[in-house]
1. How many residues does region 45-58 hold that are at pLDDT 95 or above and either among the small types (Gly, Ala, Ser) or over 15 Å from the mean Cα position of the chain (by Cα) (or both)?
2. Take Pro87 and decide whether it is surrounded by fewer than 17 Cβ atoms within 10 Å (Cβ to Cβ) and either touching a Cys at 6+ places or on another chain (Cβ under 6 Å) or within 25 Å of Gly25 (Cα to Cα) (or both).
3. Output yes when any residue across region 43-66 is surrounded by 17 or more Cβ atoms within 10 Å (Cβ to Cβ), touching a Phe, Trp or Tyr at 6+ places or on another chain (Cβ under 9 Å) and touching a residue at least 40 places away in the same chain (Cβ under 8 Å), and no when none is.
4. Run Ala58 past the list (1) touching a His at 6+ places or on another chain (Cβ under 8 Å); (2) farther than 16 Å from Ile17 by Cβ and report the number of the one that doesn't hold.
5. Looking at region 10-28, which of the residues that are in contact with a strand residue (DSSP E or B) (Cβ under 7 Å, 6 or more places away or on another chain) and among the small types (Gly, Ala, Ser) is nearest to Asp71 (Cα to Cα)?
6. Identify, please: which residue in region 93-107 is more than 14 Å from the chain's Cα centre (by Cα) and not in a loop (DSSP other than H, G, I, E, B) and is, among those, surrounded by the most Cβ atoms within 10 Å (Cβ to Cβ)?
7. Would you kindly identify the strands (runs of 3 or more DSSP E) lying entirely within region 4-75 that contain at least 3 residues that are within 21 Å of Lys101 (Cβ to Cβ) and either in contact with a helix residue (DSSP H, G or I) (Cβ under 9 Å, 6 or more places away or on another chain) or among the β-branched types (Val, Ile, Thr) (or both)?
8. Considering region 18-39 alone, what residues qualify as being more than 14 Å from Thr57 (Cβ to Cβ) and under 10 Å from the mean Cα position of the chain (by Cα)?
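The values are calculated or read from the model by the stated rules, or taken from the named source; none is laboratory data. Computed from a prediction, not measured in an experiment: that's the story for all the values here. Positions of Cβ are generated from backbone atoms using ideal geometry, with glycine treated the same way; all protein chains shown enter the neighbour counts.
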Amino acid sequence: MAVRTINIVEDNTAPSITLTLKRDGVAIDVTGSTVNLIIARGNTITNSGHQECTPVTASSGIVKYSPVAGDFPSAGKYVADIEIIYPSTAVERLYEQLKLKARKKVG
């Protein structure tokens with residue numbers, strides 16, 4: 001997965017965030033796996049209890065994460081790890097982090 005920054009507005013719950021998971025430039029087949037997006041601001045995980053991504057095209061490593069209220073509670077910079085739990089129960093966290101930047105909402 002190439003490192004990229006996603007711009008959002010605090011408290012947004014849409015749209016879903018679509019990700020293509022790659023290792024060394026090659027898509028990771030996540031068929032049968034659980035994929036989690038773990039979002040943090042500083043040392044605080046902001047999406048505890050709601051981290052699972054939905055497969056879009058699992059064989060090509062494409063998943064989506066649907067944010068909920070509280071994932072981006074305030075303006076600022078966030079980072080996210082991608083965690084893959086394979087059917088064998090082996091766990092991989094991708095090296096590159098996703099970066100998110102939330103701006104303050106008006107009103």
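1. The number of residues fulfilling the criteria is 2.
2. yes
3. no
4. Here Ala58 clears every test but (1).
5. So the first thing to find is which residues in region 10-28 are in contact with a strand residue (DSSP E or B) (Cβ under 7 Å, 6 or more places away or on another chain), and the list is 10, 16-21, 27-28.
From the residues that got through so far, the ones that are among the small types (Gly, Ala, Ser) too are 16, 27.
Values: Ser16: 12, Ala27: 27 Å.
Result: Ser16.
6. Result: Ala102.
7. Fully inside region 4-75 and qualifying: 5-9, 17-20.
8. Asn36, Leu37, Ile38, Ile39
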